[in-house]
Amino acid sequence: MSAESAFAPPPERHFLMKALTNRSFLIGLIITAFIALMALTSFFWTPYDITRLQVSDRMQGLSLAHPFGTDHMGRDILSMIMIGARNSIAVAIVAVGIGMGVGVPLGTWAAARGGWVDEMLMRVNDVVFAFPALLSAVMITAIFGPGAVNAIIAIGIFNVPVFARVARAGALALWPREFILAARASGKGKTLITIEHILPNITNLLLVQGTIQFALGILAEAGLSYLGLGAQPPMPSWGRMLFDAQTRIAVAPHLALFPGLAIVITVLGLNLLGDGLRDILDPKLRRER
């Protein structure tokens, strides 16, 4: 062991040191943590009960009682945004989990097998990738009806080819490496090599891609809810709030302002977090940019 490696910090401390000096990562982490905390808080507390309609308080502007105002049914917009954050995050998490859980095994299997298996899987992958989440949601809704579950399925299906491509590209770059050749020479099969060597070495790629797809999942959920294909009333959704506000934006712009800002800030925080993770986990990309 060299003197330099003997005094090198452990990987966890090395990551923490880089994270504390990366402005993009810190800002993204703070924003994402705030949105997540708001969503968690909504499980046991919101300023007002959104299921209780107060017609006498409808279309109120910003005030101490209602910091973000009220909507056309007298519901508190801040409370609706808090619960909408919960719904958007839940949809994005499950959808990204579906994409990663299906796409990563397919991508690594295609890279390990090669030949006609790789070609067939990638062509099917291209066909699925040609259908965006919105179009998939329209087809699923036409069969099963609108709802949050169908939105999750549509976004999850769209994420599968994304993670399959990332996993395949990362695995293909590793298979010619010396430590993989040594593992094969020792008698290990392709499946065992994939589990023990390939997956741990592409985790960083998948983690960064996961943050990007999480942000896209938030946007996709908002878009589907705006079109009436996502969460259904009375369950609030940021996209649904924008849809309800479009005919009243001239007289009550706050109805669209705050849900729109919630979407923008959340997506911005996740993108900054993803960029920061990429810089921390792959310094070569940072030097190249």
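The values are calculated or read from the model by the stated rules, or taken from the named source; none is laboratory data. Predicted, not measured: the structure shown is a model, and the values here were computed from it. Don't worry about glycine lacking a Cβ; one is built from the backbone with ideal geometry, like all the others, and counts go over all protein chains shown. We work out accessible area using only protein heavy atoms, side chains counted, and drop any ligands, DNA or RNA first. Shrake-Rupley method; radii C 1.70, N 1.55, O 1.52, S 1.80 Å.
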Item to check | All-pairs alpha carbon distance profile, the chain, 5 Å steps from 0, percent | outcome: 1, 5, 10, 13, 14, 14, 12, 10, 8, 6, 4, 2, 1, 1, 0, 0
Item to check | the range 103-216 - accessible surface per residue (Å², probe 1.4 Å) | outcome: 50 Å²
Item to check | P(r) weight above 22 Å for the range 102-236, C-alpha pairs, percent | outcome: 47 percent
Item to check | Centre separation in Å (Cα based) which lies between the range 78-95 and the range 102-140 | outcome: 28 Å
Item to check | FRET efficiency, F43 to L227 (Cβ-Cβ, R0 25 Å, nearest 0.05) | outcome: 0.40
Item to check | Placed amide H near R75: partners under 5 Å, 5+ positions off or other chain | outcome: Q54
Next on the checklist: Run lengths n ≥ 4 of DSSP H only: what is the helix-derived mean residue ellipticity at 222 nm for the chain, with -39500 (n - 2.57) per run over all residues, to the nearest 500?
Outcome noted: -23500 deg cm²/dmol
Item to check | Cα-based Rg of the range 68-145 normalised by 2.2 N^0.38 Å, two decimals | outcome: 1.68
Checklist entry - Which helices count as membrane-span-like in the chain under these terms: full DSSP H, at least 30 Å along the axis by C-alpha, Kyte-Doolittle mean of 1.6 or more? => result 148-174
Checklist entry - How do F163, F43 rank by accessible surface area computed with a 1.4 Å probe, from largest to smallest? => result F43, F163
Checklist entry - For the range 120-192, what is the Kirkwood hydrodynamic radius in Å, using each pair of distinct C-alpha atoms? => result 14.6 Å
Next on the checklist: Please list R240, R123 from largest to smallest accessible area, probe radius 1.4 Å, with all protein chains kept in place.
Outcome noted: R123, R240
Checklist entry - Just how much of L205 is accessible, in Å², when a 1.4 Å probe is used and the result is rounded to the nearest 10? => result 80 Å²
Next on the checklist: Please list W175, W109 from largest to smallest accessible area, probe radius 1.4 Å, with all protein chains kept in place.
Outcome noted: W109, W175
Next on the checklist: Give me the percent of accessible area attributable to carbon and sulfur for the chain, probe 1.4 angstrom.
Outcome noted: 70 percent
